[in-house]
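The values are calculated or read from the model by the stated rules, or taken from the named source; none is laboratory data. Because the structure is predicted, anything quoted here is derived from the model rather than measured. Virtual Cβ from ideal backbone geometry, glycine too; neighbours counted across all protein chains shown. Only protein heavy atoms, including side chains, enter the accessible area calculation; ligands, DNA and RNA are left aside. Shrake-Rupley method; radii C 1.70, N 1.55, O 1.52, S 1.80 Å.
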Amino acid sequence: MADLLTHVLLAYSLGTVLSWRYDRIEKHHVTLLMIGATLPDLTRIGLIIDPGYIQGLGLPFSYSPLHTILGSLIVAFIITQFVNDELAFPIIGSGALSHHLLDSLLLNASGYSYPLFWPVSSYSPPTPGLYLSTDMWPALVAGAYSLVIWMIDRKKLKSELTLGE
Amino acid sequence: MLATFKHRLAVVIILTAILISLFVWYGSLEPDPDVHRYPRAEDLIKDEEKYVGQEVEVGGRVVSTTPLTIEIEHGGDTRELYITGADEEPNKNDRVTVFGTLEDENTIAASEIISRPYINYLYMYAVSVAAALWILFRISRQFRWDMERSLFIKREDQDG
């Protein structure tokens, strides 16, 4: 995982830019995209419920499937059941995919990322190792980028309001 | 797309069951170096001898720097491992991920080691919590929860 903030900032930027291009995408869709971008890191539930304890009950167990494309799309679809919006699934799902895209670039000791496509394939693609999840610069870069997007968005909103008057 | 509450509930239950099955399935997988699924901390803790001579990838906390020793942890059990051949010099309490060959039960000959200061870990968790709060704030401004239909509905008065 890159830190969650980087994922969420980039999802914010992506969603906002998409909302400029497509009228159907509104502010709350940007939020749904941001939610989607957090989903693969639900594996962090392991900090609260340690998989080791569940294994101690005699059941093989791992949260890793949450951090695969299929697993995060399943979670996205579950969440979609509680959102009254026809675009909910494609948007939350896209957020999750953006997370995988970023995480596949993470530095890893073995040089290979993680089995993104499991259970369809166990293949872990080689990773270019651009950054660590504990590095601070990805969030700074993403933050600066999001700030620019936010400012452009404010400007657009203002000019639209003026036009509307 | 959204059907009756019963229909939606059925979808949620079925998908949750599939997810839990995936958790169990993945947990039952043995390490497989051919697909770069190397033995990890939990494998080494479960069976220390089985992986001697194999490549392993483990994460842990530095408990001593001379010799470099890390503590790995799983399900409340811990073990200490010596790391040889490291080209980095982590400090005590740093978190490291080591890729290398398990030479004997207690020693990894590292071919790659990534260390991160503990403070960076705190940073990562702090900004991640900030990100979660940002999202919660946006949800509360842009959506409302409809009790009767058990649905989040867009607020019409939202202003971003």
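Descriptive notes on the structure:
- Heavy-atom accessible area buried between chains B and A is around 5200 Å² (1.4 Å probe, both sides summed).
- Of all accessible heavy-atom area on chain B, the percent that carbon and sulfur account for (1.4 Å): 54 percent
- Sorting A:MET151, A:MET136, B:MET124 on solvent-accessible area from highest to lowest, probe radius 1.4 Å, gives A:MET151, A:MET136, B:MET124.
- Reachable aspartates and glutamates from A:LYS155, criterion Cα separation under 18 angstrom, eight or more residues apart if same chain: A:ASP23, A:GLU26, A:GLU165, B:ASP159
- Linear extension gain, A:GLU160 paired with A:LEU59, 0.36 nm per residue minus alpha-carbon span: 30.6 nm
- Column: log10 I(q)/I(0), Debye, Cα scatterers of the range B:1-92, q = 0.15, 0.25 Å⁻¹: -0.72, -1.28
- 5 angstrom amide H check on B:THR107, placed H, neighbours 5+ away: B:TYR82
- Residues of the protein assembly as shown: accessible area per residue with a 1.4 Å probe, Å²: 51 Å²
- Put simply, the protein assembly as shown fits an ellipsoid with semi-axes of 40, 24, 15 Å; these come from the alpha carbon gyration tensor as the roots of five times its eigenvalues, largest first.
- The accessible-area loss of the range A:125-145 on complex formation, taken against its chain alone with a 1.4 Å probe, reaches 20 Å² or more at A:LEU132, A:SER133, A:THR134, A:MET136.
- Considering only A:VAL148, A:TRP137, A:TYR123, the residue lying farthest towards the positive end of the dipole of the range A:105-165 is A:VAL148, judged by Cα position with unit charges set on Cβ.
- Residue separation of B:THR16 and B:LYS92 scaled by 0.36 nm, minus their Cα-Cα distance, works out to 23.3 nm of gained length.
- Chymotrypsin sites (Phe, Trp or Tyr not before Pro), loop per DSSP, at most 16 other Cβ atoms within 10 Å - longest free stretch of chain A: A:23-81
- When restricted to Cα atoms, chain B yields an Rg and a Dmax of 22.8, 65 Å, respectively.
- Where trypsin sites (Lys or Arg not before Pro) fall in DSSP loop in the range A:122-165, at most 11 other Cβ within 10 Å: none
- Computed from label points 7 Å out along Cα-Cβ, the spacing between B:ALA130 and B:GLU30 is 4.6 nm.
- Extended-chain gain in nm, criterion 0.36 nm per residue less alpha-carbon gap, B:GLU48 and B:GLU148: 30.5 nm
- Summed over all non-identical Cα pairs, the Kirkwood treatment of the range A:98-142 gives a radius of 11.1 Å.
- Cα-based reach from B:LYS50 at 15 Å (exclusive), listing aspartates and glutamates while leaving out same-chain residues under 8 positions away: B:GLU30, B:ASP32, B:GLU42, B:GLU103, B:ASP104, B:GLU105
- Spin-label model distance (nm) - A:ALA144 vs B:ASP157, 7 Å beyond Cα toward Cβ: 4.0 nm
- Here is the list for the range B:36-101: trypsin sites (Lys or Arg not before Pro) lying in DSSP coil, each with at most 13 other C-beta atoms within 10 angstrom of its C-beta, are B:LYS92.
- Diffusion constant of chain A at 37 °C, which comes from Stokes-Einstein with the Kirkwood Cα-pair radius and 0.692 mPa s, µm²/s: 190 µm²/s
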